[in-house]
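Structure first, then comments.
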Amino acid sequence: MSNSSIVRVSVLGAGTVGSEVIRILMQRRDELGARAGAELMLNKVLVRNLNAPRSVDIDPGILIDDPEVALDGADVVIELIGGLEPAFTLVKRALQQGSTVITGNKALLARHGPHLYELAEEHNTDLYYEAAVAGAVPIVYGLRESLTGDHINRVVGIVNGTTNFILDQMASTGAEYSQALSQAQAAGFAEADPTADVEGHDAAAKCAIMASLAFHSRVSIEAVSTEGITTVSAADIEYAKQSGQVIKLLAVAERLQGKIRAEVFPALLPLTHPLAAVNGAYNAVILEGEAAGRLMFYGLGAGGAPTASAVLSDLVAAASHRAHGGHAPRELCYAALAVLSPEQIPVRYYLRIRVPDTAGVLAEVAGIFSHHGISLETVRQDHGDREEVHIGVTTHEALQGDINAALEALRKSEQVLSIDSILRIEE
Ligand code: HSE
């Protein structure tokens with residue numbers, strides 16, 4: 001490992017983000033180096049296929065396809081391969097050899113973050129991951145450094161651009177989910193396999209990272225109660241519009257009952273909510289600090305250049321520490337707060353229930369809610385076709401466990417034909 005003020009940087013992966021990191025690093029090497037107080041040298045670039053066309057010219061002398069030698073001589077390793085393997089193995093090895101690691105890999109951190117932090121500590125090196133949450137938006141620095149003097153109570157955000165784009169398309173065109181997904185794929189906003197985004201896993205990984213940082217506790221992705229957007233219908237979106245609301249996929253992490261509430265779910269938001277105006281592929285996160293009050297971060301959460309911006313910020317900090325000493329913040333999990341079980345979370349819902357238009361049906365539906373201790377805030381019955389009608393209800397706050405039990409009873413009731421909408425309401 002180098003002890004001089006030359007910092008050798010290896011980049012693992014030269015896809016959309018990796019190529020932009022390399023392009024900007026080559027273009028702004030002197031400027032970034034001046035900020036770090038070190039000379040930044042591109043050491044090796046690991047790619048899958050040496051001959052694949054790329055958007056950036058990389059010296060063939062440093063381009064390699066052998067993971068075994070990718071880490072040789074690197075002071076700083078930037079992991080942009082994504083996924084769990086081989087990223088996990090390479091990041092572990094990089095830390096074990098004392099290299100500083102910068103990664104944008106939220107899945108890796110959400111699953112193995114504590115282990116990687118421990119390895120970094122054991123080998124007296126650092127782990128940086130600004131790019132793992134909300135691309136260019138500096139939310140990791142915000143939580144890990146800028147607000148470390150405050151007591152954070154709540155983090156709520158839109159942290160997945162793909163789903164935000166799809167929900168937006170549904171709202172502006174009236175399309176069903178599957179059509180809007182195809183449009184997002186055609187426009188390059190959704191992956192061919194969109195599972196991680198649309199099922200909420202990507203947002204859950206980011207939620208786990210934000211919750212861990214905000215509450216100084218270990219929150220794994222498995223602990224985040226997660227629901228994606230695949231069941232949101234055009235009728236749900238229409239209901240939202242008509243009632244002055246929008247539907248957004250939210251990631252929420254907050255202190256509640258001495259524990260952590262960590263959730264990802266599609267929610268109805270009033271148009272006056274600051275997150276309601278976050279459209280297209282944009283991300284936004286609101287942090288609530290006891291002293292700072294409410295702060296909102298907004299910007300591009302994905303894409304080559306915005307994500308490269310976050311990676312290169314980490315690189316300047318990492319190179320400065322390599323050259324002049326000092327460390328990135330360590331993992332702080334002293335608070336060791338547990339995650340609240342989903343059943344214990346207080347929630348509000350809008351439900352649209354299809355029933356036969358006969359005597360006693362409304363009483364039966366109301367009785368089921370009452371039996372489970374759920375108070376209704378509003379009840380509205382649409383004009384039916386004399387055979388069946390829709391009853392739309394909004395609930396007051398109730399425990400998710402009680403809502404689940406009521407939903408089960410409604411489904412079993414002979415007076416209920418179907419439950420066509422089940423939507424969370426977030427204030
Ligand atoms: N797929 C993510 C999104 C970006 O759509 O926001 C990377 O986390």
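The values are calculated or read from the model by the stated rules, or taken from the named source; none is laboratory data. Please read these numbers as outputs of a predicted model, since none were measured by experiment. Methodologically, a virtual Cβ is constructed for each residue, glycine included, from the backbone with ideal geometry; neighbour enumeration extends over all protein chains shown. Remember, those area values only see protein heavy atoms, side chains included, never the ligands or the DNA or RNA. Shrake-Rupley method; radii C 1.70, N 1.55, O 1.52, S 1.80 Å.
List the strands (runs of 3 or more DSSP E) inside segment 320-427, counting only whole elements, that have at least 1 residues being touching a residue at least 40 places away in the same chain (Cβ under 8 Å).
Fully inside segment 320-427 and qualifying: 349-356, 388-395, 418-425.
Does Val133 qualify as being more than 12 Å from the ligand (Cβ to nearest atom) and open to solvent by less than 10 Å² (accessible area, probe 1.4 Å)?
no
Does segment 376-408 hold any residues that are surrounded by fewer than 17 Cβ atoms within 10 Å (Cβ to Cβ) and farther than 22 Å from Pro270 by Cα, and which are they?
His383, Gly384, Asp385, Arg386, Glu387, Glu388, Gly401, Asn404, Glu408
Please work out which one of (1) part of a loop (DSSP other than H, G, I, E, B); (2) open to solvent by 60 Å² or more (accessible area, probe 1.4 Å) is the condition Gly73 fails and give its number.
Among (1) part of a loop (DSSP other than H, G, I, E, B); (2) open to solvent by 60 Å² or more (accessible area, probe 1.4 Å), the lone unmet condition for Gly73 is (2).
Output the number of the condition that Thr358 fails; it satisfies all remaining conditions of (1) under 30 Å from Leu271 (Cβ atoms); (2) open to solvent by 20 Å² or more (accessible area, probe 1.4 Å); (3) among the polar types (S, T, N, Q).
For Thr358, the failing item is (1).
Considering segment 31-41 alone, what residues qualify as being among the aliphatic types (A, V, I, L, M) and open to solvent by 20 Å² or more (accessible area, probe 1.4 Å)?
Residues satisfying the conditions are Ala34, Met41.
Filter segment 42-52 for residues that are open to solvent by 60 Å² or more (accessible area, probe 1.4 Å) and touching an Asp or Glu at 6+ places or on another chain (Cβ under 9 Å) and give the result.
Listed by number, the residues that qualify are Arg48, Asn49, Leu50.
Would you call Met1 open to solvent by 10 Å² or more (accessible area, probe 1.4 Å) and at pLDDT 95 or above?
So Met1 fails the test.
Looking at segment 168-206 only, could you name the residues that are among the hydrophobic types (A, V, I, L, M, F, W, C), within 19 Å of Thr231 (Cβ to Cβ) and free of Cβ contacts under 8 Å to residues at least 40 places away in the same chain?
Ala180, Leu181, Ala184, Ala190, Val198
All but one of (1) farther than 27 Å from Ile221 by Cβ; (2) within 30 Å of the chain's Cα centre (by Cα) hold for Val7; state the number of the condition that does not hold.
(2)
Only one of Thr195, Thr162, Thr125, Thr100 is among the hydroxyl-bearing types (Ser, Thr, Tyr), within 16 Å of the ligand (Cβ to nearest atom) and buried (at least 24 other Cβ atoms within 10 Å of the Cβ). Can you tell me which?
Thr162
So that you can scan it fast, the table gives a plain yes or no per residue for (1) within 28 Å of the chain's Cα centre (by Cα); (2) of a type outside the set (A, V, I, L, M); (3) at positive phi:
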residue	(1), (2), (3)
Ile58	no, no, no
Ile62	no, no, no
Asp65	no, yes, no
Leu71	no, no, no
Leu80	yes, no, no
Val91	yes, no, no
Gln97	no, yes, no
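Are any of the residues in segment 151-158 within 19 Å of Thr230 (Cβ to Cβ) and under 20 Å from the mean Cα position of the chain (by Cα)?
Yes, some residue in segment 151-158 is within 19 Å of Thr230 (Cβ to Cβ) and under 20 Å from the mean Cα position of the chain (by Cα).
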